[in-house]
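Novice: So that we are looking at the same thing, I have put the structure below in structure tokens.
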Amino acid sequence: MSYKVAVVGATGNVGREMLGVLAERQFPISEVVALASTRSIGTDVSFGDAILKVKALDYFDFSGLDICLMSAGAAVSKEWSPKIAAAGAIVIDNSSQWRMDREVPLVVPEVNADVLSSGIKKGIIANPNCSTVQLVVALKPLHDAATIKRVVVSTYQSVSGAGKAGMDELFRQTRAVFVADPIEKEKFTKQIAFNVIPHCDVFLDSGYTKEEWKLLVETQKILAPDIQVVATCGRVPVFIGHSEAVNVEFERPLTAERARAILRAAPGVLVIDKREDGGYITPLEAAGEDATYVSRIRKDPTVENGLSLWIVSDNLRKGAALNAVQIAESLINRKLLTSMR
Ligand SMILES: NC(=O)c1ccc[n+]([C@@H]2O[C@H](COP(=O)([O-])OP(=O)(O)OC[C@H]3O[C@@H](n4cnc5c(N)ncnc54)[C@H](OP(=O)(O)O)[C@@H]3O)[C@@H](O)[C@H]2O)c1
């Protein structure tokens, strides 16, 4: 069986990656449609060896569509996902719009694909935030082994997490520094080239940013509601790949050696942890790859049962496009694509 698939946001960072991942994984497609705003009508985007002409979301007829991979931001998703679902497609959305909706499953297939069998009432499935995806892929097997109580995470997030405009800004500012042009800031509040900005997404009344709040509530929804997560999210001058320094406190003892063995066997995880110069992963090496990489696994001696980890993944792939396509594959494998509606 093959499926008619639309990618909304096909000209964006995540949408382009979605088309690439669908082609690479030979997703069973009868027809693929690339959609974006009216600004992009007629733009060429790649789908494997083929070139697709982008069509406008506003004028597209969704009848007959099986799967819609949405990656055009929360406002577009709020307006369009219910309409597309009502037309009969399952929407897999990358924005923050539906993640905390009780009737919308929030899914990382290696971690909680089973929730798909409990129903897709609105016809919408949410993809978690990129920084949450890689965190829960690494934490799930450790949680199963020793029950996580509390997580302290500091993120080092690449500019591609802020869309193609974020990548363009890092490129322009880096060039401007070298040719002594004035530095222009549009996407980020401070210069990102040769700098670190302790700020991703908007500020909340609590003093945390929404990105930091997402790490808490999404981890609780996916892993366990009583896990405590405190986050500091930073933007770094890296094009692709988010890094996370993570301290985990467990209810029961878990040695670094056992954690390393558990993570080596975990789905979607690759351990690179040689305890020597260069024996760890960096975002440059994780870019373009599917895995969530874990390095620097060591005891945190400041709490009773603690470990420290370094977690890196390609935010456009496992953090977004790959995870969305894996959700679609999970629907097919569970025979849920038509039967759940
Ligand atoms: N980047 C990441 O690491 C990441 C990870 C997880 C989730 N996400 C989420 O994924 C979404 C897209 O992120 P991105 O990084 O791909 O952003 P992006 O590079 O800025 O791309 C945005 C896409 O949305 C389209 N779009 C904007 N307004 C539209 C409209 N009114 N109608 C139809 N299409 C519209 C754009 O089309 P035009 O080119 O025509 O404007 C473009 O294709 C966001 O919700 C983001 O939060 C991103």
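Novice: Normalized C-alpha radius of gyration of segment 147-198, against 2.2 N^0.38 Å?
Specialist: Its radius of gyration relative to the 2.2 N^0.38 Å reference: 1.47.
Novice: Within the chain, what percent of beta bridges assigned by DSSP are antiparallel, to the nearest 5?
Specialist: Counting only bridges with both partners in the chain, antiparallel ones make up about 45 percent.
Novice: Still on this structure, I have one more. Test of the criteria: in segment 219-296, which GluC sites (Glu not before Pro) are in a DSSP loop and have at most 13 other Cβ atoms within 10 angstrom of their Cβ?
Specialist: 251, 276
Novice: Which sequence of 262, 327 reflects their accessible areas, 1.4 Å probe, from the largest down?
Specialist: 262, 327
Novice: Mind listing the phi-derived Karplus ³J(HN,Hα) values for segment 218-226, rounded to whole Hz, using 6.51, -1.76 and 1.60 with θ = phi - 60°, and x for any glycine or proline?
Specialist: 6, 5, 5, 5, 8, 9, 5, x, 9
Novice: In angstroms, what radius of gyration and Dmax does segment 249-306 have, counting Cα atoms only?
Specialist: Taking only Cα atoms of segment 249-306, I get Rg and Dmax of 12.6, 37 Å.
Novice: How far is it, in nm, from the label point at residue 261 to the one at residue 239 when both lie 7 Å from their Cα along the line to the Cβ?
Specialist: 4.1 nm
Novice: May I ask you to list the residues of segment 182-214 whose amide nitrogen lies under 16 Å from a point 7 Å from Cα along the Cα→beta-carbon direction of residue 75?
Specialist: Residues 187, 202 qualify, since their backbone N sits under 16 Å from the label point.
Novice: For a quick check of your reading of the filter: which GluC sites (Glu not before Pro) in segment 176-239 sit in a DSSP loop and have no more than 11 other Cβ atoms within 10 Å?
Specialist: Loop-located and lightly packed - 184, 186.
Novice: Just the number, please: percent antiparallel of the DSSP beta bridges in segment 1-135, rounded to the nearest 5.
Specialist: DSSP beta bridges in segment 1-135 are roughly 15 percent antiparallel.
Novice: Follow-up. So for the pair residue 228, residue 195, with labels modelled 7 Å out along Cα→Cβ, what separation do we get in nm?
Specialist: 3.4 nm
Novice: I would also like to ask the following. How many Å³ per residue does the convex hull of the Cα positions in the chain occupy?
Specialist: About 150 Å³ per residue, rounded to a whole number.
Novice: Here's another thing I want to ask about it. Do the sum for the chain: with -39,500 (n - 2.57) for every DSSP H run of n ≥ 4, divided by all residues, what is the mean residue ellipticity at 222 nm, to the nearest 500 deg cm²/dmol?
Specialist: Theoretical 222 nm ellipticity from helices: -9000 deg cm²/dmol.
Novice: Translational diffusion coefficient of segment 261-341 at 25 °C, 0.890 mPa s, Stokes-Einstein with Kirkwood Rh over Cα pairs, in µm²/s as a whole number.
Specialist: Calculated translational D: 167 µm²/s.
Novice: What's the extension gain from residue 332 to residue 303 if we count 0.36 nm per residue and subtract their Cα-Cα distance?
Specialist: Between residue 332 and residue 303, full extension yields 6.1 nm more.
Novice: Okay, moving on. Report, to the nearest whole %, how much of the accessible area of segment 154-251 belongs to carbon and sulfur atoms, 1.4 Å probe, protein only.
Specialist: In segment 154-251, the share of accessible area belonging to carbon and sulfur is 56 percent.
Novice: Restricting attention to the alpha-carbon atoms of segment 19-173, what are Rg (one decimal) and Dmax (integer), both in Å?
Specialist: 17.5, 53
Novice: Further question: Which pairs, out of 55/122; 149/274; 55/221; 140/274; 83/210; 299/335, put more than 32 Å between their alpha-carbon atoms?
Specialist: Too far apart for the 32 Å limit: 55/221; 299/335.
Novice: How much accessible area per residue does the chain have, in Å², with a 1.4 Å probe?
Specialist: That works out to 45 Å² per residue.
Novice: Can you give the convex hull volume per residue for the Cα atoms of segment 157-254, as a whole number of Å³?
Specialist: In segment 157-254, the Cα hull volume divided by residue count equals 118 Å³.
The values are calculated or read from the model by the stated rules, or taken from the named source; none is laboratory data. Everything quoted here is computed from the prediction, not taken from an experiment. Cβ atoms come from the backbone with ideal geometry, glycine included; neighbour counts cover every protein chain shown. Remember, those area values only see protein heavy atoms, side chains included, never the ligands or the DNA or RNA. Shrake-Rupley method; radii C 1.70, N 1.55, O 1.52, S 1.80 Å.
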